[in-house]
Amino acid sequence: MAGINGFGVKLKRGDGAATEVFAAIADITNLTGPGLSRTTVDVTSHDSPNAYMEFVGGLKDGGEVSADINYQPAVHDVLVDDLDDEEPRNYKIVFPDEAATTWSFGALLTGFEPSAPYDDKLSASLTLKVSGKPTIAPGA
């Protein structure tokens, strides 16, 4: 198999309850991330072999998740309230593969940008900053 069609991916938002329920954010048109990365720590010394710099792994960053949506104010304005959250909210990305692979993570909404061009659809872009390590697992 050469690849998997991305159609059907879901970004789900937790409700924060003790027994958390996740609801899909409606009308996502594009989803990117999280962009995982890692810093490096320079441990080069005068004893480094062949005068080459040496590094060890440093802190890891869960990155960001970006989503574009067909903006429906009555449906999506609850997301704007998430900008007031001081603590990360739980989210899940459910991929459309046979195993329904999920990436679960805590994140803060750091951006909500609506767009209303005169000759196109009403849309919005969301940005989530991942806090901590995402959990990757098969199954929804």
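A short reminder: the numbers here are calculations on the coordinates, not readings from a lab. Because the structure is a prediction, the values reported are computed rather than measured. Please note: Cβ atoms are built from the backbone with ideal geometry, for glycine as well, and neighbour counts cover all protein chains shown.
Output the residue which, of all residues in the range 106-121 that are assigned to a loop (DSSP other than H, G, I, E, B) and of a type outside the set (Phe, Trp, Tyr), is farthest from the chain's Cα centre (by Cα).
The residue in question is ASP119.
If a residue must be of a type in the set (Val, Ile, Thr) and closer than 30 Å to GLY8 by Cβ, how many such residues does the range 52-73 contain?
2
Any residue in the range 76-100 that is farther than 16 Å from ALA23 by Cβ sitting within a Cβ distance under 6 Å of a residue that is part of a loop (DSSP other than H, G, I, E, B) and among the small types (Gly, Ala, Ser)? List the pairs, counting only those 6 or more apart or interchain.
PRO96/GLY8; ALA100/GLY139; ALA100/ALA140
Looking at VAL41 and the list (1) in contact with a strand residue (DSSP E or B) (Cβ under 6 Å, 6 or more places away or on another chain); (2) closer than 21 Å to VAL130 by Cα; (3) free of Cβ contacts under 8 Å to residues at least 24 places away in the same chain; (4) of a type outside the set (Phe, Trp, Tyr), which single condition is not satisfied?
Answer for VAL41: the failing condition is (2).
Within the range 108-140, how many residues are at negative phi and either without any contact (Cβ under 8 Å) to a residue 60 or more places away in the chain or out of contact with any strand residue (DSSP E or B) (no Cβ under 8 Å at 6 or more places or on another chain) (or both)?
Residues that pass the stated criteria total 22.
Among the residues of the range 67-76, are any surrounded by 13 or more Cβ atoms within 10 Å (Cβ to Cβ), within 18 Å of PRO134 (Cβ to Cβ) and of a type outside the set (Ser, Thr, Tyr)?
Yes: one or more hits.
Hey, does the range 74-85 have a residue that's at positive phi and outside any loop (DSSP other than H, G, I, E, B)?
For the range 74-85, residues at positive phi and outside any loop (DSSP other than H, G, I, E, B): absent.
Taking the stated definitions as given, is GLU98 out of contact with any strand residue (DSSP E or B) (no Cβ under 8 Å at 6 or more places or on another chain), within 27 Å of GLY3 (Cα to Cα) and not hydroxyl-bearing (Ser, Thr, Tyr)?
yes
Please give the number of the condition PHE7 fails out of (1) more than 19 Å from ASP97 (Cα to Cα); (2) out of contact with any strand residue (DSSP E or B) (no Cβ under 7 Å at 6 or more places or on another chain).
Answer for PHE7: the failing condition is (1).
Filtering the range 1-44 down to residues that are part of a loop (DSSP other than H, G, I, E, B) and of a type in the set (Ser, Thr, Tyr), which residue is farthest from GLY62 (Cα to Cα)?
THR44
With respect to the numbered conditions (1) within 16 Å of GLY111 (Cβ to Cβ); (2) of a type in the set (Phe, Trp, Tyr); (3) free of Cβ contacts under 8 Å to residues at least 24 places away in the same chain, which one is the sole condition not fulfilled by PHE55?
The one condition PHE55 does not meet is (1).
Please enumerate the residues belonging to the range 36-63 that are of a type in the set (Asp, Glu) and surrounded by 10 or more Cβ atoms within 10 Å (Cβ to Cβ).
If the condition is that a residue be of a type in the set (Asp, Glu) and surrounded by 10 or more Cβ atoms within 10 Å (Cβ to Cβ), then ASP42, GLU54, ASP61 are the ones that fit.
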